[in-house]
Amino acid sequence: MVKDSLGYITHGSKTYHIWMIFLTAIMLIGMYCYSIQLEEGLSATGMTDRVSWGLYISNFTFLVGVAAAAVMLVMPTYVLNDIDFKHAVLIGEGLAVAALLMCLAFVVADMGGPSVLWHMIPGIGVFNFPNSMLAWDVIVLNGYLFINITIPLYILFRHYQGKEAKRSVYIPGSILSVLWAVGIHLVTAFLYEGLQARPFWNNALLGPRFLASAFAAGPALIILVLAVIRKFTEFNIEQKTINKIAMIVVVAAQINLIMLVSELFKEFYAPTHHSESAYYLFFGLEGKTALLPWIWTAIPLNVLATVLLTFHKLRRNPKVLYFCCFILFVAIWIEKGFGLIVPGFIPGPYGTIAEYRPTGVEIGVTLGIWAMGAFIFTMLAKTSIGIELGKLRYRKKEKLASKAA
Amino acid sequence: MSEKKKWFTLDLGFNKKVPTASSCGCGKTSGGCGSHEAPSPSKNEHAMTAEEFDKAVEGTMVDETRKDGFQQVFDVKMDRRTAFRKLTASLLVGAGAVQTSCSVIAGEESKEKAQIDWEEQFKGNYKLMTQEERDATVDRLVRSYQLRKKENIKMSATDASKDVLFGYAFNISKCQGYMDCVSACVEENNQDRNSQMQYIRIHEMKDGEGFKFNEADDNYYHEVPAEGHFYMGTQCFHCDDPPCVDVCPVQATWREEDGLVVIDYDWCIGCRYCMAACPYDGRRFNWSKPEVPEEEVNKNQHYLGNRMRKKGVMEKCTFCIQRSRAGKDPACVEACPTGARIFGNLLDPDSTIRWVLANKKVFRLKEDLGTEPKFWYFMD
Ligand code: SF4
Ligand code: SF4
């Protein structure tokens, strides 16, 4: 199968080749930037003792959400046997795998000592379980990765052999993955929520808001990807599927907005010292305003997308839908990325306001990791589409079939 | 006053024998005050001797290794770490350390260096090491320094003494902002000179406005004491229920029996989660390779204290563990020309710090967070 899919991956249209070459080039740039960072240490990034997490952890946080979103498609398809979603699901799970690998890459990029990362491997290292939320996170992310690789692999492999996948095998797995996806969200939110030192994060709404925003951003990305796939391959995705996913996006985005309002109300109706971070994020403090353009891009985009998508007519219009999904995705990336991480550190524990500005190296590594994710996803998607379309099948069987014919 | 009961009537030794007994003054037994729970797990671990622990760990590990086939490859009984070490050794032939150790031209010294580097790379967590392992790593570090810099250092690994709990008090009325403590600290603890890392921050605040940390200047370069200002120092407060310890994913940082919160620099993976969790800006990170001019290196070192760090690891104030465990005051206390800094054993009823706690109106920062810092402020 691997050999076949390798063969299949390396062949494709011209656009496909250009796309892959483009991604490879960015990955190489990313690797070069990472080598600089390895050489100089994390001082090559914009992070300091005052703002000690930046772009890497922001992207990590956001991508955990994207990874978990695949589950919104898994549930109806496998469990309720809603054939409609089946095509979207394989894509969704491929997306989850790519997003998880990106998450792990971002974590590694953020480490000060990547050469001693084995200290984290249970069995040979020392794991601070159950005290440390980061230890939990490592476990749940890897577990989720495992589940999301095995289920589609099983299904695809059966299809590859030309058989139907057994429900009794994959249904328990899918149910587990549904629960697990909620788990990775919550654990990642708890990572921040549990810190009494940072009032901006120490907020009970953080976890639920994580879920809502991820269930908007993830499926929005899936819609965009399905649109691209529909355009460039013969893989048939029905409009019905896309409509259903769009429904998920809308509901999640609406809940997300409600929670945003609730958060803003709490921070600004009766501001305390603990609201300073929110002030910094939305209005700037003492003339330090680095995040203003970002958050004031994110909020209107978020609202605009949610409002537009709420109207059935507009949502049914593919152009509006794709546009909204795109701006929603960007808005949530800003909001749940550095709109969430950076203000947690500003002002510092004693009120010092030191701003954070990512360096070129940091941006390079980040782009490189995104390119890696896109690369992995393209390969996974191409293989699964190939199998699903029946282009990629177990050879012997084909021969037998041709003989019989 | 909860803290009074806690620090004046509490015998931690007693507490250790009967871990369920609650001697915290908050009146709760459920642990809601945040001072019951955290120490107990670490105590349980310490209660087990290091050898017992290793045996236990090895026992489970050998069982597991049987399954995964390391045995067939190497045909020796080994725990996972050894197996991992050997496996990587065979995989990473390209690694510099191996190359030099195999090279014929390389002299004895570089071979030894490579050997040391190799063993250092794969040593365990200091907290869980046996006494022999601890001695061995200290020897290796001393030897490595000798080989590289042709200088001798003295490195101790003194353990916590019984019936000692270190605490600190800071007299706000006395401090004039001279920052002699800061420079003494930098010199004593071999902090990176390039990034000008400082464990202590002195906050300059305006008279008559109270403790307004957000308006204070912790990075001033003018003559002190400045008219109409007062000064307040912060550093790691060695919390008794330290949030930084709970969050570390690999247990690279922990609370010692004498209350010091320490870091194993070689076990830290540099994730900086502890830094996000510290409410007191107590931690510092080595963003690049720390550099100290050879003639300025303090050669009197402690494994958990001021030994040389590498890039990408966390560090912080240790109450000068190399000094305090040798019966001396930390460098900042010694250097302060005004006598604003007081250090001592909280369990010794005759210590100065106990006197201060008993006779001054003391307070701590952010007590509402439940971290129980062992660092008090007071005024004359
Ligand atoms: S002050 Fe910060 S670094 Fe020091 S023990 Fe408390 S939480 Fe940990
Ligand atoms: S930076 Fe080091 S000490 Fe701090 S949490 Fe991470 S591994 Fe632990």
* Asked: Relative to a virtual label point 7 Å from the Cα of residue A:263 in the Cα→beta-carbon direction, which members of the stretch A:302-334 show backbone nitrogen distances below 19 Å?
  -> A:302-307, A:327-334
* What is the distance, in nm, between label points placed 7 Å from the Cα along the Cα-to-Cβ direction at residue B:212 and at residue A:310? -> 4.3 nm
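Rounded to the nearest 0.05, what FRET efficiency do residue B:120 and residue A:240 have when you use their Cβ-Cβ distance and R0 = 56 Å? Display every interim value, and only then the final one.
Numbers: r = 61 Å, r/R0 = 1.09.
It comes to 0.35.
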* Asked: Short version: ³J(HN,Hα) in whole Hz for each residue of the stretch A:139-154, in order, from phi by Karplus 6.51 cos²θ - 1.76 cosθ + 1.60 (θ = phi - 60°), x for Gly and Pro, what are they?
  -> 5, 5, 5, 5, x, 5, 4, 4, 4, 6, 7, 5, 4, x, 4, 4
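Let me confirm one metric for peptide B:306-319, namely the mean number of other chain beta-carbon atoms within 10 Å of its residues' beta-carbons. List each step's numbers first, then the result.
Values: counts 0, 0, 0, 0, 3, 8, 10, 3, 3, 0, 0, 0, 0, 0.
For peptide B:306-319, the averaged partner shielding equals 2.
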* Structure fact -> Along principal axes, largest first, the alpha-carbon spread of the stretch A:2-395 in whole Å comes out as 66, 52, 42
* Asked: GluC sites (Glu not before Pro), restricted to the stretch B:178-228: which are DSSP loop and have at most 16 other Cβ atoms within 10 Å?
  -> B:209, B:223, B:227
* To do: Read phi for every residue in the stretch B:361-372 and hand back ³J(HN,Hα) as whole Hz from Karplus 6.51 cos²θ - 1.76 cosθ + 1.60, θ = phi - 60°, with x for Gly and Pro.
  => 8, 8, 8, 10, 8, 6, 5, 4, 7, x, 8, 6
* Asked: What average count of beta carbons from other chains do you get within 10 Å of the Cβ of residues in A:197-203?
  -> 3
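As an exercise, find the ratio Rg/Rh for the stretch A:262-349 from alpha-carbon atoms, using the Kirkwood inverse-distance average for Rh.
Computed over Cα atoms, the ratio is 1.08.
Given a cut-off of under 8 Å on Cα pairs at least six residues apart, what relative contact order in percent is computed for chain A?
Over chain A, the number comes to 30 percent.
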* Asked: Looking at A:275, A:175, A:37, which one has the Cα that reaches farthest to the positive end of the dipole of the stretch A:2-395 (charges on Cβ: Lys, Arg +1; Asp, Glu -1)?
  -> A:175
* To do: Please list the non-local residues whose amide H lies under 5 Å from the amide H of residue B:261, H modeled 1.01 Å from N, same-chain partners needing a gap of 5 or more.
  => B:256
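Can you give me the accessible area per residue for chain A, using a 1.4 Å probe, in Å²?
Numbers: 17170 Å² over 405 residues.
Value returned for chain A: 42 Å² of accessible area per residue.
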* Structure fact -> Of A:12, A:30, A:183, the most mobile residue in a GNM of chain A (C-alpha springs, cutoff 10 Å) is A:12
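If I stretch the segment between residue A:19 and residue A:117 completely, what's the gain in nm (0.36 nm per residue apart, minus their alpha carbon distance), one decimal?
Numbers: separation 98, 0.36 × 98 = 35.28 nm, distance 3.29 nm.
Value of the extension gain: 32.0 nm.
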* Structure fact -> Surpassing 20 Å at the alpha-carbon level, of the pairs B:111/B:149; B:174/B:212; B:162/B:360; B:127/B:316; B:212/B:374; A:336/A:382, are B:162/B:360; B:212/B:374; A:336/A:382
* Structure fact -> Gyration tensor on Cα atoms of the stretch B:315-359, a ≥ b ≥ c root eigenvalues, a/c under 1.5 rounded, else prolate if a/b beats b/c, else oblate, says oblate
* Asked: GNM, chain A, Cα, under 10 Å: largest mean-square fluctuation among A:351, A:41, A:287?
  -> A:287
* So what J values fall out for the stretch A:183-193 if you push phi through Karplus, 6.51 cos²θ - 1.76 cosθ + 1.60 with θ = phi - 60°, rounded to Hz, Gly and Pro as x? -> x, 5, 5, 5, 4, 5, 5, 4, 3, 8, 4
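For peptide A:352-365, compute the average count of partner chain beta-carbon atoms within 10 Å of each residue's beta-carbon.
Numbers: counts 9, 1, 0, 0, 0, 0, 0, 0, 0, 0, 0, 0, 0, 0.
So the per-residue partner count for this stretch is 1.
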* Asked: What is the set of long-range amide H partners of residue B:203 at a cut-off below 5 Å, with H atoms built 1.01 Å from backbone N?
  -> B:232, B:233, B:234
* Let me know the shape class of the stretch A:192-282, please: from the alpha-carbon gyration tensor, a ≥ b ≥ c as square roots of the eigenvalues, rounded when a/c is under 1.5, otherwise prolate if a/b is greater than b/c, or oblate. => prolate
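For an R0 of 41 angstrom, estimate the FRET efficiency from the Cβ-Cβ distance between residue A:270 and residue B:196 and round to the nearest 0.05. Provide the component values of the computation, followed by the final result.
Values: r = 40 Å, r/R0 = 0.97.
Result of the calculation: an efficiency of 0.55.
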* **5 angstrom amide H check on residue B:344, placed H, neighbours 5+ away** => B:167
* To do: Return an integer: the convex hull volume of the alpha-carbon atoms of the stretch B:148-224, in Å³ per residue.
  => 171 Å³
* Dipole of chain A, positive direction: furthest Cα of A:51, A:370, A:199, with charges on the beta-carbon -> A:370
* Compute the length gained on full extension between residue A:179 and residue A:28: take 0.36 nm times their separation in residues and subtract their Cα-Cα distance, giving the result in nm to one decimal. => 50.7 nm
* Would you look at the GNM of chain A, springs on alpha carbons closer than 10 Å, and say which of A:99, A:44, A:212 moves the most? => A:44
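Per DSSP H run of n ≥ 4, the term is -39500 (n - 2.57); total these for chain A, divide by its residue number, and report the mean residue ellipticity at 222 nm rounded to 500 deg cm²/dmol.
Helices in chain A give a 222 nm mean residue ellipticity of -24500 deg cm²/dmol.
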* To do: At 0.36 nm per residue, minus the direct Cα-Cα distance, what do residue A:154 and residue A:323 gain on full extension? Give it in nm, one decimal, please.
  => 57.4 nm
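Using only protein heavy atoms and a 1.4 Å probe, how much accessible area in total is buried between B and A, to the nearest 100 Å²?
Values: alone 19250 and 19270 Å², together 34400 Å².
When B and A are taken together, about 4100 Å² of accessible area is lost.
The values are calculated or read from the model by the stated rules, or taken from the named source; none is laboratory data. The structure displayed is predicted, hence computed values, not measured ones. Cβ sites come from the backbone with ideal geometry, for glycine too, and all protein chains shown count toward neighbours. Note: accessible area is taken over every heavy atom of the protein model, side chains too, but ligands, DNA and RNA are not part of it. Shrake-Rupley method; radii C 1.70, N 1.55, O 1.52, S 1.80 Å.
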